[in-house]
Amino acid sequence: MSATTPDATPYVLVLYYSRHGATRTLAEQIAAGIESISGVEARLRRVPEISATCEQTEPEIPDSGAMYVELDDLRHCSGLALGSPTRFGNMAAPLKYFLDSTSELWMNGALIDKPATAFSASSSLHGGQETTLITMLIPLLHHGMVYAGVPYSATELLETTQGGTPYGTTHVSGKRGDNDVDDNEQRLALAQGKRIARLALAMQPLRETK
Ligand SMILES: Cc1cc2nc3c(=O)[nH]c(=O)nc-3n(C[C@H](O)[C@H](O)[C@H](O)COP(=O)(O)O)c2cc1C
């Protein structure tokens with residue numbers, strides 16, 4: 001069974017898809033939370049766009065922004081933070097397309113007992129953020145990952161009038177998609193990053209003693 005690459009610093013894979021940048025902003029904040037915990041790094045990766053016929057439509061190396069994910073990024077991670085815009089109350093197709101390519105990891109149990117969390121952005125407050133997060137956790141459970149949300153010790157959950165759920169951080173981007181990530185959403189993303197980083201470190205011995 002595959003664990004973290006030997007001798008390498010453990011990392012949490014922050015894997016996302018973002019068309020307009022809202023989900024990317026959350027991803028970067030979660031990565032900042034991960035990086036604030038010593039002994040673990042954040043690896044920021046995204047999935048490429050796909051066409052209606054499900055072919056990759058972009059060059060292998062993107063012109064800017066995070067690198068595209070490779071299967072090995074997922075195979076060797078110590079934890080995963082998965083981000084997608086809300087699309088009709090569900091995760092976006094490019095991310096699902098990537099997840100559908102992970103059967104080999106599933107067959108080898110490569111992700112069993114690794115912690116995972118999810119985050120999302122939507123234009124409207126009640127536009128399906130929570131259902132999106134729930135649909136995102138289902139394939140992760142099939143992989144044997146241990147899902148971690150955001151506990152209410154993050155008191156912003158009780159104060160927010162925008163994004164933020166116990167299932168994972170969210171952002172409400174607004175009708176035109178131009179709302180900034182507000183203070184509560186930002187703090188929740190940071191707390192989520194810190195939590196997944198701590199869990200990634202804490203669960204490592206569990207996997208090593210198998
Ligand atoms: C095809 C499609 C479906 C969408 N479905 C929803 C939805 O169900 N609820 C919602 O509030 N916003 C919906 N949106 C808006 C996006 O979730 C929103 O603009 C989000 O902030 C985009 O994230 P990004 O900036 O990371 O691409 C949809 C957008 C698209 C293009």
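Coordinate-derived values only; no laboratory data. Everything quoted here is computed from the prediction, not taken from an experiment. Here the Cβ is made from the backbone with ideal geometry for all residues, glycine too, and neighbour counts use every protein chain on show.
Scanning the stretch 154-166 turns up at least one residue that is surrounded by 18 or more Cβ atoms within 10 Å (Cβ to Cβ) and on the phi > 0 side of the Ramachandran plot. I need the full set of residues from the stretch 35-49 which are in contact with a strand residue (DSSP E or B) (Cβ under 7 Å, 6 or more places away or on another chain) and small (Gly, Ala, Ser), in order please. Once the filter is applied, which keeps residues that are in contact with a strand residue (DSSP E or B) (Cβ under 7 Å, 6 or more places away or on another chain) and small (Gly, Ala, Ser), the stretch 35-49 yields only Ala42.
Of the residues making up the stretch 184-210, those that are of a type outside the set (A, V, I, L, M, F, W, C), in contact (Cβ under 8 Å) with a residue 12 or more places away in the chain and exposed (fewer than 13 other Cβ atoms within 10 Å of the Cβ) are Glu208, Lys210.
The set of residues in the stretch 138-147 being part of a loop (DSSP other than H, G, I, E, B) and surrounded by fewer than 17 Cβ atoms within 10 Å (Cβ to Cβ) consists of Gly144 alone.
So Leu158 ticks every box in (1) touching a Leu at 6+ places or on another chain (Cβ under 9 Å); (2) of a type outside the set (Gly, Ala, Ser); (3) over 30 Å from Ala8 (Cβ atoms) but one. Which box is left unticked? Unmet condition: (1).
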